[in-house]
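Any read-out appearing in this document is the output of simple, stated calculations on the displayed coordinates, not a laboratory observation. Note that the structure is predicted; figures quoted are calculated from it, not measured. Note: ideal-geometry Cβ built from the backbone for every residue, glycine included; neighbour counts use all protein chains shown.
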Amino acid sequence: MASGIKDKVVILGMGCSKFGERWDASPADLMSEAFEEGLADAGIDKNQIEMAWFGAGIDAYNVGSSAMPLSIALRLPNIPVTKVENMCATGTEAFRGAVYAVASGACDIALALGVEKLKDVGYGGLPQRTRGVENDMYWPNLSAPGAFAQLASGYRAKHGVDKADLKRAMAHISVKSHANGAKNPKAHLQREITEEQAINAPYIAEPIGLFDCCGVSDGAACAIVCTPEIARALGKADLVSVKALQLAASNGEEGGFSKWDGSYLKTTRIAAQRAYDEAGIRNPRAEVSMTEVHDCFSITELVTMEDLQLSDEGQAVRDVLNGDFDANGRIPCQIDGGLKCFGHPIGASGMRMIYENYLQFYGRAGDRQLKDPRLALNHNLGGFPHQNICSISIIGRYE
Amino acid sequence: MSGITAYGAYIPRTRLLKSAIADANDWFDASLRGLAKGERSVCNWDEDTITMAVEAGQDCLSVLDAGSVNALYLASTTLPFLDRQNSVVVSQALNLGDHLRTMDVAASQRAATSALITMLESGAAAKGNALLLASEHRRSKCGSRAEMLWGDGAAAVAVGNEDVIAEYLGSETYVTDFVDHYRGEDSTLDYEWEERWIRDEGFMKSVPLAVNRLLEKTGVKASEIAHFVLATDQGRTPAAVAKAIGIAADAVADNHIGNLGVTGVAHPILLLTEVLEKARAGDLILLTGFGQGTDAVLLRATDAIAARRPKTGFSGALARRREDANYNRFLSFNNLVDREVGKRGELDKQSYLAAMYRRKDLLTGFIGGKCRSCGTVQIPKEKYCVNPECGGLDSQDDHPMSAVKGRVMTWTADRLTFDWNPPAYFGLVEFEGGGRLMMDFTEVEPGTMDTGVEVSVHFRIRQFDNQRGFRKYFWKATPAQQ
């Protein structure tokens, strides 16, 4: 029986660029911005990094393929660099690679960096792109909101939720995240919105309206990881360690076999249980201090609360409206503003979430600082509700 | 006895109000106002000659065993491909197998009647049935008379020796190079000559010549004709021709100019399907086709006619309608304006022909798989069975699903993605008996979509690759009650 990743690797330093419509910043500029912050935070020299993992999601509109864009942008000293792509889980995948390298003993210090330059495309939303030669022949030409809006129809049918009630809960989620993002200088969107605004905004993909959608931004984030022993040797105190890293990939069953009902994310449920097991968490509601979940759309966040076992099945609408996941609720969600306010530079998002965990654990989260967080859960979801990649990381104090 | 054994019809659901055409154009040509009565059928953006032919063929196959079809002829002057046999696409969408004769017949408004005569005369259907599909989607100039008077549609008739509903009595053709209109290889729109000349020198001379030869040959008197089909966009001409021949006025078939429009090559066959719906045993039916001369075919309804009605038929197809008063949308769907489609519409739509061929059973036939080990139905058919309890390798037999109804599980109306008629409706469809697929929907009326709605699937255009002059087809779901 494998022992899992818990407490084998700690975070030595992290960096995160300002997210936003960074018209004047190239991908290399964004990478450098995150990297310089992370390097200074780690207190090491660039040459001490032995291996690197590079996350970038959409090759055609970003930096191109392979690990070279990272190696060249940062002038890394010809170390092994691996490029990873796994849809919206890409950032977390880069982190996973670096963490596993350290845990295996293959290297002492590893870098994970994710970047995405979305705003060179020339229009709003994620870039329209090919889904592969065969898939393009018969898949609907669905946009990301079009894919995730379907969760709402499945959820309503399963739980008999009224359209207006669900929309109100969705609006609450966005209002909450905007309120959090307004306190975050690195967020793209830093202004509060009202429930009326969210409810009355035009449809993007029914029932998802404009304010149910996350922003679309440029950004980069990075983590430098090592073993607890090395971190201590380098003089780092109050360590933050990796408690769990899990991934679940759909195998076509939800979209092709008559079982799944369209109201939840099968992969999230599987990855969450595995992550809780790996981290030794028996009662997530009591033990998890904060979550950063994949709020690409408000409905995704709502359903995810149930899939992470933080709400009872069918009760997320009630819990959301009750404020359970607000900044002052029982388990704050998106305390940094989430994808909602940061936007979703695909390669960077997973590590942007961990960056917020890291700031919270070190008490560096400014106006949005939570009181004594112990365990943070991060969740990414790439693809569509009926077939997707789910990644979950749990980060906590090393004790 | 040989003759017609089955028939079917398809008319696009959308009916453009002719007043909308006049509203947009009478500033230029005031005479259009006088033609602006009623409505005309209009292809949705994802319909063309091929997709309408498939629909008409399916309607015909509702009373005809697909296994009996040994030939398929597709007649049209608006075939989407000039070099790629369109009838093969249709035959594969109809799942008619790989052992049949196929042919495209084109280049004249009497293409369909000429094909029908050839089928009836050649004895091609000595065994089994030959299927004729006539389908037309003509474009016309903005603000033209043609735009007012034409429509889009398709019809099917099967020819064979068993279960004959209209016995073949004989045919005649009069040939002359009468150019009432033409369309050259480099143009997409017709050029027409004067209406009055076409009537006097064309219809009034050509049709009686062919018909009288046929009546003489078969020994039938004009007054005995119970149904006379003459397709034309000239409202009064059929009656005038009938009178000249001696056919009773009440035998003249309505051209439905005011509630359908003249559907080109398809029109004689489409009108014939209406006649077959109404005809009583023993009725004599005279079908003509006009274009560089005249085809004339004489048929007699048999006792079997009442029993072999297709599922939809002409009256069903005509009744299934939705009004549209948006002339601009009609222009856009017919590529008559240079519409801003946004950058999302610019995505390269290359068709990878080798991959398309590999996937043709799915793409054209909507054929899924049924697992021999566990019985699970799935679409697409893949290497391993999708049932997690089974996972059988190469365990699936072909399982055609184009006739299987489904229900919507999840859906949305997407306004972000590119679509020719936004919002783009799509969702997860669960099929009766198993199998589910995330697929495009088409022709969804606003406010009618929900989880649980019953859908049927239809062969439609999925994408145009305008850069390379190609179009891709796939199946889409439509609410079954519409």
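Checked against a 32 Å cut-off, the cross-linked pairs A:LYS46/A:LYS266; A:LYS163/A:LYS186; A:LYS186/A:LYS243; A:LYS6/B:LYS383; A:LYS83/A:LYS167; A:LYS243/B:LYS383 give Cα-Cα distances beyond that limit for A:LYS46/A:LYS266; A:LYS163/A:LYS186; A:LYS6/B:LYS383; A:LYS83/A:LYS167; A:LYS243/B:LYS383.
When the trypsin sites (Lys or Arg not before Pro) in the range B:214-258 are filtered for DSSP coil states and for at most 16 other beta-carbon atoms within 10 Å of their beta-carbon, the remaining sites are B:LYS221, B:ARG236. Across peptide B:422-428, the mean count of Cβ atoms from other chains lying within 10 Å of each residue's own Cβ comes to 6. Here the range A:194-262 is assigned +1 on the Cβ of each Lys and Arg and -1 on the Cβ of each Asp and Glu. Its dipole about the Cα centre then comes out at about 560 debye. Taking the charge dipole of chain B about its Cα centre, with +1 at Lys and Arg Cβ atoms and -1 at Asp and Glu Cβ atoms, the residue from B:CYS142, B:SER351, B:MET1 reaching farthest to the positive side is B:SER351. In the protein assembly as shown, helical runs assigned H by DSSP with n ≥ 4 each contribute -39500 (n - 2.57); averaged across all residues and rounded to the nearest 500, the mean residue ellipticity at 222 nm is -8500 deg cm²/dmol.
Looking at the range A:355-399, the trypsin sites (Lys or Arg not before Pro) that sit in a DSSP loop and have at most 11 other Cβ atoms within 10 Å of their own Cβ are A:ARG364, A:LYS371.
The distance linking the range A:345-399 with the range B:30-87 is 56 Å (Cα centroid to Cα centroid, whole angstrom).
If you take the square roots of the eigenvalues of the alpha-carbon gyration tensor of chain B and sort them as a ≥ b ≥ c, do you get rounded (a/c under 1.5), prolate (a/b over b/c) or oblate? Because a/c hits 1.5 or more and a/b fails to exceed b/c, chain B counts as oblate. On the beta carbon distance between A:GLU195 and B:ASN328, with R0 = 30 Å, the FRET formula returns roughly 0.25. Kirkwood analysis of the range B:259-312, using all unique Cα-Cα pairs, places the hydrodynamic radius at 12.4 Å. Overall form of the range A:154-290: oblate. Here a/c, set by the Cα gyration tensor axes a ≥ b ≥ c, is 1.5 or more, and a/b is not larger than b/c. If Lys and Arg each add +1 and Asp and Glu each add -1, what is the summed charge of the other residues whose beta carbon sits under 12 Å from the beta carbon of A:GLY323? The answer is 0. Taking a ≥ b ≥ c as the square roots of the eigenvalues of the alpha-carbon gyration tensor, the range B:402-479 is classed oblate because a/c is 1.5 or more while a/b is no larger than b/c.
A simple packing score, the average count of other Cβ atoms within 10 Å per residue, orders the peptides A:86-94, A:189-197, B:275-283 as A:86-94, B:275-283, A:189-197, with the highest score first. Near B:ILE21: Cβ cut-off under 13 Å, other residues only, Lys/Arg at +1 and Asp/Glu at -1. The net charge is +2. By the combined test of axial Cα extent (at least 18 Å) and Kyte-Doolittle hydropathy (mean at least -1.0), the qualifying DSSP H helices of chain A come to A:27-42, A:90-104, A:144-159, A:163-181, A:346-361. With loop membership from DSSP and a limit of 13 other Cβ atoms within 10 Å, the longest segment of chain B without chymotrypsin sites (Phe, Trp or Tyr not before Pro) is B:29-351.
Could you tell me the calculated FRET efficiency between B:MET103 and B:LYS221, based on Cβ-Cβ distance and R0 = 30 angstrom, to the nearest 0.05? Plugging the Cβ-Cβ distance into 1/(1 + (r/R0)^6) gives 0.25.
Secondary structure note: in the protein assembly as shown, about 75% of the DSSP beta bridges are antiparallel. In straight-distance terms, cross-link reach from B:LYS343 covers every one of the lysines whose alpha-carbon lies under 21 Å from its own, apart from those fewer than eight places away in the same chain; here that gives A:LYS117, A:LYS119, B:LYS472.
The charge dipole of the range B:17-68, taken about its Cα centre with unit charges on the Cβ of Lys, Arg, Asp and Glu (plus for the first two, minus for the last two), comes to roughly 340 debye.
With Cβ to Cβ distances under 14 Å as the rule, what net charge do the other residues near A:ALA365 carry (K, R +1; D, E -1)? Working shown, then result.
On the way: positive: A:LYS183, A:LYS186, A:ARG352, A:ARG364, A:ARG368, A:LYS371; negative: A:GLU292, A:ASP336, A:GLU356, A:ASP367, A:ASP372.
My count for the surroundings of A:ALA365 gives +1.
If only the Cβ of Lys and Arg carry +1 and only the Cβ of Asp and Glu carry -1, the dipole of the range B:1-96 around its Cα centre is close to 220 debye. Shielding by partners for peptide A:380-393, expressed as the average number of C-beta atoms from other protein chains within 10 Å of each residue's C-beta, is 1.
With 21 Å as the limit on Cα-Cα distance, the pairs of A:LYS183/A:LYS340; A:LYS340/A:LYS371; B:LYS127/B:LYS217; B:LYS18/B:LYS243 that go past it are A:LYS340/A:LYS371; B:LYS127/B:LYS217; B:LYS18/B:LYS243. Note: the protein assembly as shown, Cα convex hull, 170 Å³ per residue. Look at the stretch B:380-386: the mean tally of other chain Cβ atoms within 10 Å of its residues' Cβ atoms is 3. Note on the range B:1-21 and the range A:171-245: Cα centroid distance 56 Å, given to the nearest whole angstrom.
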